[in-house]
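The values are calculated or read from the model by the stated rules, or taken from the named source; none is laboratory data. From a predicted model like this one, the values you see are computed outputs, not experimental measurements. So basically every Cβ, Gly included, is an ideal-geometry build from the backbone, and we count neighbours across all protein chains shown. Keep in mind that these areas ignore ligands, DNA and RNA; they rest on the heavy atoms of the full protein, side chains included. Shrake-Rupley method; radii C 1.70, N 1.55, O 1.52, S 1.80 Å.
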Amino acid sequence: MDFYKSAPQRLAFQKIPKLDPPTPLDLKDPALPVDSADGGCDTPDRFYKAWTRQHAGIEIGARMKCLLIRDPTDSMYDPNDAPHVSHDRGTALIVEHIEKYRAPTLVSADLLKALH
């Protein structure tokens, strides 16, 4: 994304010498629990790329452990697509998927409590 072209973290990664990647492991990347093949837009508009950056209040740190904060999370999911559940349930399925395969989660109140 053009917004990050001068970010120190991006520039630092660009300076890392390129290496041949290791032989891929035979790991399965589980399918998402919702169909978001069309970008997940549930409006009649045509498909377009809506995002150019993350929220301006979120800083990208040099290194940190990734966590998902559940309560402000939303998904790009259209209830007209599989598994044909409400938008809120589709978001819950995505959160469960992230918890199972990607990263731990917490709610914002727990994060604020830990930061004080």
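Checked against (1) exposed (fewer than 12 other Cβ atoms within 10 Å of the Cβ); (2) in a loop (DSSP other than H, G, I, E, B); (3) of a type in the set (A, V, I, L, M, F, W, C), MET76 passes all but a single condition, namely (1).
Among the candidates VAL34, VAL107, VAL95, VAL85, the residue that is in contact with a Gly (Cβ under 7 Å, 6 or more places away or on another chain) and either farther than 23 Å from TYR4 by Cα or open to solvent by 90 Å² or more (accessible area, probe 1.4 Å) (or both) is uniquely VAL34.
Whether any residue in region 57-72 is loosely packed, with under 12 Cβ neighbours inside 10 Å, out of contact with any Leu (no Cβ under 7 Å at 6 or more places or on another chain) and at pLDDT 85 or above is what I want to check. Yes: region 57-72 contains one or more residues that are loosely packed, with under 12 Cβ neighbours inside 10 Å, out of contact with any Leu (no Cβ under 7 Å at 6 or more places or on another chain) and at pLDDT 85 or above. Might you check whether a residue that is under 19 Å from the mean Cα position of the chain (by Cα), part of a loop (DSSP other than H, G, I, E, B) and of a type in the set (Gly, Ala, Ser) occurs anywhere in region 26-33? Within region 26-33 (the criterion being under 19 Å from the mean Cα position of the chain (by Cα), part of a loop (DSSP other than H, G, I, E, B) and of a type in the set (Gly, Ala, Ser)), the answer is yes, since at least one residue qualifies.
Condition check for ARG53 on (1) surrounded by 10 or more Cβ atoms within 10 Å (Cβ to Cβ); (2) among the basic types (Lys, Arg); (3) free of Cβ contacts under 8 Å to residues at least 40 places away in the same chain: one failure, at (3).
State whether the residues of region 63-75 include one that is of a type in the set (Val, Ile, Thr), without any contact (Cβ under 8 Å) to a residue 60 or more places away in the chain and farther than 26 Å from MET1 by Cα. So far as region 63-75 goes, no, none of its residues is of a type in the set (Val, Ile, Thr), without any contact (Cβ under 8 Å) to a residue 60 or more places away in the chain and farther than 26 Å from MET1 by Cα. Inspection of region 65-74 finds no residue satisfying the criterion of being out of contact with any helix residue (DSSP H, G or I) (no Cβ under 7 Å at 6 or more places or on another chain) and of a type in the set (Asp, Glu).
Table: residues versus (1) within 30 Å of PRO8 (Cβ to Cβ); (2) within 12 Å of the chain's Cα centre (by Cα).
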{"residue": "ASP42", "(1), (2)": "no, no"}
{"residue": "ALA62", "(1), (2)": "yes, no"}
{"residue": "LYS65", "(1), (2)": "yes, no"}
{"residue": "ASP81", "(1), (2)": "no, no"}
{"residue": "ARG102", "(1), (2)": "yes, yes"}
{"residue": "ALA109", "(1), (2)": "no, no"}
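All conditions in (1) assigned to a loop (DSSP other than H, G, I, E, B); (2) within 17 Å of the chain's Cα centre (by Cα) hold for GLY90, with the sole exception of (1).
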